[in-house]
Amino acid sequence: MGIRREGRELALKYIYQIDLGVNFEEKALAQLDLEKYSKKVKAFAKERILGLFNNKDAVDDLAKKHLKNWKLERLNETDKSILRLAIYEMKFDPNIPEKVALNEALELAKKFGSEESSKFLNGVLDAVMHDRSTKPKKN
């Protein structure tokens, strides 16, 4: 498994915990440092977590805009965490191409979500990707 995929999985674990209220951001970042992963994997995961929570309102606004007939609060926690991570990468991380972020989210959904997760998230994230009303990130 590559550094980025491993880092995304590790970030997802902590984003999920923070979303559930089991962990707070500061505590999660301290725990992340203790994980038995390479420094590069932990650094990539930490970038995801910090980036997402520094842009959480904008990420959630984009999610809500493209969730047709759904409310963000009604999503199961796994799908919500994957969705937030993907939107952060698609719209706020200039180092990750949008299609890569979408495909990686679908892989996370297949591994950690329900049978329908990847199909559902694909529809939402495709709409986010094609939403040009958001300020494009700098590549």
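FYI, it's all coordinate maths here, none of it is from the lab. For clarity, every value in this text was computed on a predicted model and none was experimentally measured. Backbone-built Cβ (ideal geometry, glycine too); neighbour counts: all protein chains shown.
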inquiry  = Order 5-15, 73-83, 107-117 from most to least packed using the mean count of other Cβ atoms within 10 Å.
reply    = 5-15, 73-83, 107-117
message = What's the magnitude of the charge dipole for the chain around its Cα centre, counting Lys and Arg as +1 and Asp and Glu as -1 at the beta-carbon? Answer in Debye, nearest 20.
response = 320 debye
Residue order, fewest to most surrounding Cβ atoms within 10 angstrom, among V59, V100 = V100, V59
query = Tell me, H130, H66 in order of fewest to most beta-carbon neighbours within 10 Å?
reply = H130, H66
key: Pairwise label distance in nanometres, E26 with K71, each label 7 Å out on the Cα-Cβ vector   = 3.1 nm
remark   = Flagged as over-length at 27 Å C-alpha distance, from K40/K68; K40/K110; K71/K99; K27/K65; K36/K65; K40/K91, the pairs are K40/K68; K27/K65; K36/K65
query = Counting each DSSP H run of 4 or more residues in the chain as -39500 (n - 2.57), what helix-only mean residue ellipticity at 222 nm follows after dividing by all residues, to the nearest 500 deg cm²/dmol?
reply = -23000 deg cm²/dmol
request  = Just need the relative contact order of the chain here, percent rounded to a whole number, with Cα pairs under 8 Å and 6+ apart.
outcome  = 22 percent
key: Whole-percent pair-distance distribution, where bins are 5 Å wide, for the alpha carbons of the chain   = 2, 11, 22, 25, 22, 13, 5, 1, 0
